[in-house]
Amino acid sequence: MGALMGLLLDPGLTGYTLAPDGPTTPGRTADVLVARHRRLPRDRMGHRLTASGRSLIGQALVTTYGPRAGVAPGALVRDAHRRWSVPSLGLNASVAHCGEFSAVAFAPAAHAIGVDVQDERDRPYALRWLGDLLARQEPATIRDFAECEALIKASHLTKETFAGTRLPEWRPGWRPMDERAGAEGVTGGRSGTGTGAGSAMGTKPAPPSGTGTGTEAAPGAQAPSASETAPPPPTPTYHVRSLVLRPEGAPPLHLALACDAPVPVRFHHLERE
């Protein structure tokens, strides 16, 4: 966590904090803050006006790690894939909001992180479309929807390059992503291709022209360098996880996370006025 080492959770945090769901190692624990904003302003049509992602991340830093973690808005950076980071604190971040709820996730800079939160509104067309992308015989579920959104936020995937992705069967905790089906060349991680670690490792490079079997160089041919013969580096195996939140007086919420490693997660809940 770099500059965040030694910071404690703000003792004034309202709500509850769950212990990490695994053994913690300095610099490897992710934090997720789910906040309920009960008095959000509304526009002329009655729709709630939510705070910007930048401001939600800024508030969540101070709430989760204490006043010393406060940063100026300009300290929050977005990369070419629209992923948030806080370089001065050695953190990556992701943010989502749904109605009066927001979710902000933080992970050490060594790990990609994505978060999404969805309510159980009826959306048959979107779920049918997503079910087709996932090669399902039936529409996708709200949980699938949230996990896919979190995966897009954590990886290089976009809605346009998502076809071929397969979600693993649900179970509690982190689940490794399956390899992408028939999607060679589609970038799905921080480097390389696909979403599975094996997707770039299972194929051998074609032998150089004129090398016969590829084990010996032809006469007069220059032997390939070690870098040319070495297998490509493994791509990150993204992991996803999700759970259902049942806030008082509100429909159930589906909270989903995606990360390039199954790091321990500490969940926090906050009630904001």
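Karplus-derived 3J(HN,Hα) values for the range 153-160, using 6.51 cos²θ - 1.76 cosθ + 1.60 with θ = phi - 60°, are 5, 8, 10, 7, 5, 10, 4, 7 Hz; glycine and proline are entered as x.
Calculate the FRET efficiency for Arg136 and Thr158 from the Cβ-Cβ distance with a Förster distance of 25 Å, rounded to the nearest 0.05. Don't jump to the answer; show the numbers that get you there.
On the way: r = 20 Å, r/R0 = 0.81.
Computed FRET efficiency for Arg136 and Thr158: 0.80.
Measuring r between the beta carbons of Ser52 and Glu248 and using R0 = 25 Å, the FRET efficiency lands at 0.40. Here the Karplus relation 6.51 cos²θ - 1.76 cosθ + 1.60, evaluated at θ = phi - 60°, turns the backbone of the range 167-173 into coupling constants of 7, x, 4, 5, 7, x, x Hz, with x for every Gly and Pro.
Heavy atoms of the protein chains alone define the surface here; on that basis the range 48-143 has 46 Å² accessible area per residue at 1.4 Å probe size. Put simply, when 121-132, 96-107, 249-260 are sorted by average Cβ atoms within 10 angstrom per residue, most first, you get 96-107, 249-260, 121-132. A crude spin-label estimate for the pair Ala110 and Ser88, with each label 7 Å from Cα along the Cβ direction, gives 2.5 nm.
Overall, the accessible surface of the range 83-185 at a probe of 1.4 angstrom is composed of carbon and sulfur to the extent of 52 percent.
A Förster radius of 41 Å combined with the Cβ-Cβ distance from Ala19 to Ala80 puts the calculated FRET efficiency at roughly 0.70. For the peptides 109-120, 143-154, the ranking by mean Cβ contacts within 10 Å, running from highest to lowest, is 143-154, 109-120.
The values are calculated or read from the model by the stated rules, or taken from the named source; none is laboratory data. Computed from a prediction, not measured in an experiment: that's the story for all the values here. Counting neighbours? That spans all protein chains shown, and the Cβs are built from the backbone with ideal geometry, glycine included. With ligands, DNA and RNA removed, areas are computed over all heavy atoms of the protein, side chains included. Shrake-Rupley method; radii C 1.70, N 1.55, O 1.52, S 1.80 Å.
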